2 protein chains.
Amino acid sequence: MSDLSTATTPAGTATAVAHPNIALVKYWGKSDATVNLPETGSLSLTLDVFPTTTTVTLDDDLTADTLELDGAPAHGTPLDRVRRFLDLVRERAGRSTHARVVSRNTVPTGAGLASSASGFAALAAAASAAYGLPTDAVSLSRLARRGSGSASRSILPGLAAWHEGDDTSSYAVPVTGPAVAMVVATVDAGPKAVSSREAMRRSADTSPYYPAWVTSTRETLVAALAACEAGDFTALGRITETNAMRMHAAIQACDPPVRYLAPTSVRLFDRIAELRGDGIDVWGTADAGPNVVAVCRPGDAQRVADALADLAPVTVAHAGPGVRLVAGPTA
Amino acid sequence: MSDLSTATTPAGTATAVAHPNIALVKYWGKSDATVNLPETGSLSLTLDVFPTTTTVTLDDDLTADTLELDGAPAHGTPLDRVRRFLDLVRERAGRSTHARVVSRNTVPTGAGLASSASGFAALAAAASAAYGLPTDAVSLSRLARRGSGSASRSILPGLAAWHEGDDTSSYAVPVTGPAVAMVVATVDAGPKAVSSREAMRRSADTSPYYPAWVTSTRETLVAALAACEAGDFTALGRITETNAMRMHAAIQACDPPVRYLAPTSVRLFDRIAELRGDGIDVWGTADAGPNVVAVCRPGDAQRVADALADLAPVTVAHAGPGVRLVAGPTA
């Protein structure tokens, strides 16, 4: 430690754990890319599987932030995104100390399950604690949003709605609703040909359906929140599948087209429809990738998982916890 | 023959052959369902495969029209549609004699290749000849449209554009363009869960993307006709695939969603993209069903067919003839 490490600028360290979330009403499109404001609100379930654990340690000896991701030093885009995020944290904290960030994902990466949601939720919490910023849910959700839009929702447990607004007012809030389970079917279709960030931009620029996606999703969110309020799982499930199909349709309508659903994804949606035909209240959704998530009542989750398991590896998930700090800042 | 069969109402007979067409710019949506006017113009290639042969024979002894379809008496919807069509022909011809209709398809039915296009094109020509109506291309195209919208295009050979308009002005016209071949990959996905007619109605009623489908397709048709005019196969191919993806996207956005592409369809589109990566100028399209049609230059057709053949049965098709009468009316 150099002499710059004094009591007025203590080297803090903090560790946080956050979980991914799957949107029932999708976030697809930004109204402001600089501060990550969404064109529409969205609704998601934070899961109890695939946590990300991130430790932020301030170190006065560093001349730049470092990132270790899943045991290996990270460079390029992941490191750049973390550094920009920590610049924002330092600006708010009035600090200039750089940090070592060590992060471990258990989310299958690059296949449509957003590790960036759990990743930036954990980073927001650990960095806020380490740099002495507020760690209440509203502050963390607002901050996590700047790293990755959907991370705003992983701050909260279970069902969460992330609302439109400005840089101050756009954050996620808890939603009371029916009990929801999810069966995540992981479809390996290789690296994505077009990243979600790029596809989101291309949708706004070239999809003739994008304006109607935005206006219809606003209406869909109102209906989804009403279904939550009424505890109506079936209505929420139907809305979920329709909204997912509409997001993929808006993307598919790009020029040139972008297709995220793989043959196995289609087979999974077909199987989910068959299960509905058999009387199980189950609906499908998919983020911008080939993975398919079956949304069902908790009591049906194992039966649904068994019915999908011959098509893809499945993980049963339930409502999970919000972000939590597992070690506070130390001097 | 009864005595009613006199020289003033001679029993005419005529046989016509017509081929299916595949749209490069799709017809999806009606502005007037009564007389089958389309919301937008469309562009297609009449093929040289899968002909339908239809004979219409007037018979004064009949009290109602009869239909034999592929060797068996037809009832229900197919018979009703033929009878309504012949009512229109009789009204225009000022005749009341009923007819025997014998039709033989070679199109794989019910899987997205429209046998109704070749069917109503052949019926329009045979019935017009048998009942003494004009048999020029404009008259036949206008009439065939009343039976099935896309049948208006199967009256013409090769590339044909069917324009918006009113009952008198909406018919297909020939288009000069680059040489185009098609490789039809027939995907067996069982009977369609939702018929195209029903899905077309549901799109207009429940798809938030339908208005943008209509406006963007109008622009797309202008661009496609310009590509034809310029003899630019690549531009036409790219437009074709984007337009097909947009039609399927508009359908997928219905509430509840309608999905026509099967897992094998997605695999075929993936393979077509791979072939493009290998330097072959080939593009994909699909009507409202699981079949996929690869659109390429004639010189590449066999290579494309070979590359798709392990995924689905393939048929190589080229520009085919317009409808033709193979036996004139006899007394």
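Using the rule -39500 (n - 2.57) for each DSSP H run of four or more residues, divided by the residues of chain A, the 222 nm mean residue ellipticity is -12000 deg cm²/dmol. The largest accessible area among B:Trp28, A:Trp283 belongs to the first residue in A:Trp283, B:Trp28, and the rest follow in falling order (1.4 Å probe, all chains). Relative to the other identical copies, B:Ser169 shows label-point distances of 5.0 nm, where the label point lies 7 Å from Cα along the Cβ direction and values run shortest first.
Springs join every pair of Cα atoms under 10 Å in this Gaussian network model of chain B, and among B:Ala130, B:Ala121, B:Ala235 the largest mean-square fluctuation is at B:Ala235. Normalised by the number of residues in chain A, the average gap of Cα pairs under 8 Å and 6 or more apart makes the relative contact order 26 percent. The B-A contact accounts for approximately 2400 Å² of buried accessible area, totalled over both chains at a 1.4 Å probe radius.
Carbon-plus-sulfur accessible fraction, the protein assembly as shown (probe radius 1.4 Å, protein heavy atoms only): 53%. Rg of the Cα atoms in chain B, relative to 2.2 N^0.38 Å, amounts to 0.99.
How would B:His19, A:His318 line up by accessible area, probe 1.4 Å, largest first? Provide the component values of the computation, followed by the final result.
Details: B:His19 15, A:His318 65 Å².
Sorted by accessible area, descending: A:His318, B:His19.
Backbone phi angles across the range B:53-69, fed through the Karplus curve with coefficients 6.51, -1.76 and 1.60 (θ = phi - 60°), yield HN-Hα couplings of 10, 10, 10, 10, 10, 6, 8, 5, 6, 7, 9, 7, 5, 10, 9, 10, 10 Hz in residue order; Gly and Pro are listed as x.
Solvent-accessible surface (1.4 Å probe) assigned to A:Met182 amounts to roughly 0 Å².
For the range B:298-313, backbone nitrogen atoms closer than 16 Å to the point 7 Å from B:Asp278 Cα along Cα-to-C-beta are found at B:299-312.
Placing pseudo-labels 7 Å out from each Cα toward the beta carbon at A:Asp80 and B:Ala33 gives an inter-label distance of 5.3 nm. Helix B:233-252 axis versus longest C-alpha principal axis of chain B: approximately 80°, rounded to the nearest ten. Taken residue by residue and averaged, Cβ atoms of other chains lying within 10 Å of the Cβ of A:214-221 number 1. Simple spin-label estimate for B:Arg104 and A:Thr206 gives 4.7 nm between the two label positions (7 Å along the Cα-to-Cβ direction from each Cα).
Angle between the Cα long axis of helix A:76-93 and the longest principal axis of chain A, 0 to 90 degrees, nearest 10? On a 0 to 90 degree scale, this one is about 60.
Peptide A:257-267 has a mean of 5 when you count, residue by residue, the C-beta atoms of other protein chains within 10 Å of its C-beta. Please identify which residues in the range B:17-36 have an amide N closer than 14 Å to a label point set 7 Å out from the Cα of B:Glu164, following the Cα→Cβ vector. Hits in the range B:17-36 for B:Glu164 at 14 Å: B:27-32. The residues of the protein assembly as shown present an accessible area of 37 Å² per residue when probed at 1.4 Å with all protein chains retained.
Each peptide among A:197-204, B:227-234, A:163-170, B:39-46 gets the average number of other Cβ atoms lying within 10 Å of its residues, and from highest to lowest they stand as B:39-46, A:197-204, B:227-234, A:163-170. Pair-distance distribution of the range A:166-281: all C-alpha pairs, bin width 10 Å, starting at 0; shares per bin in whole percent are 11, 33, 38, 17, 1.
Summary for B:Pro298: label point 7 Å along Cα→Cβ; distances to the equivalent points in the other copies, ascending, 6.7 nm.
Would the range B:220-331 count as rounded, prolate or oblate if I go by the C-alpha gyration tensor, calling it rounded below 1.5 in a/c and otherwise prolate when a/b exceeds b/c, oblate otherwise?
Verdict is rounded for the range B:220-331.
The lysines whose alpha-carbon is closer than 22 Å to the alpha-carbon of A:Lys192, local same-chain residues fewer than 8 away aside, are A:Lys26, A:Lys30. Amide H contacts of A:Asp48 (H built 1.01 Å from N, in plane; Pro and chain starts excluded): A:His318, A:Gly320 sit under 5 Å, all sequence-distant by 5 or more or on other chains. Once both axes come from the Cα atoms, what is the angle between helix B:210-229 and the longest principal axis of chain B, in degrees from 0 to 90, rounded to 10? It is inclined by approximately 90 degrees.
Take every Cα pair under 8 Å in the range B:181-318 that's 6+ residues apart, average their separations, divide by the length, and report that relative contact order as a whole percent.
41 percent
Indicate, rounded to the nearest 5 percent, the antiparallel portion of the DSSP beta bridges found entirely in the range B:5-177. The antiparallel fraction comes to roughly 90 percent.
Let me make sure I get this right: for the range B:5-177, a, b and c are the square roots of the gyration tensor eigenvalues over alpha carbons, sorted descending. Under 1.5 in a/c it's rounded, otherwise prolate if a/b > b/c, else oblate. Which is it? All intermediate terms of the calculation are to be shown ahead of the outcome.
Details: a/c = 1.84, a/b = 1.50, b/c = 1.23.
Prolate is the answer for the range B:5-177, as a/c is 1.5 or above and a/b outweighs b/c.
Averaged over peptide B:242-249, the number of partner chain Cβ atoms lying within 10 Å of each residue's Cβ comes to 6. Let me test this: with uniform point scatterers at the alpha carbons of the protein assembly as shown, what is the Debye-based log₁₀ I(q)/I(0) at q = 0.06, 0.11 1/Å? Values, matching the q order: -0.42, -1.04.
Under 16 Å from a label point set 7 Å out along the Cα-to-Cβ vector of B:Asp306, the amide N atoms of the range B:243-282 belong to B:275-276, B:278-281.
Cβ-Cβ distance of B:His318 and B:Val173, R₀ of 25 Å, FRET efficiency by 1/(1 + (r/R0)^6): the value works out to about 0.75.
The values are calculated or read from the model by the stated rules, or taken from the named source; none is laboratory data. Nothing here was measured: the structure is a model prediction, and the numbers come from that model. Neighbour counts run over all protein chains shown; Cβ positions are idealised from the backbone, glycine included. Surface areas here come from the heavy atoms of the whole protein model, side chains and all, with no ligands, DNA or RNA. Shrake-Rupley method; radii C 1.70, N 1.55, O 1.52, S 1.80 Å.
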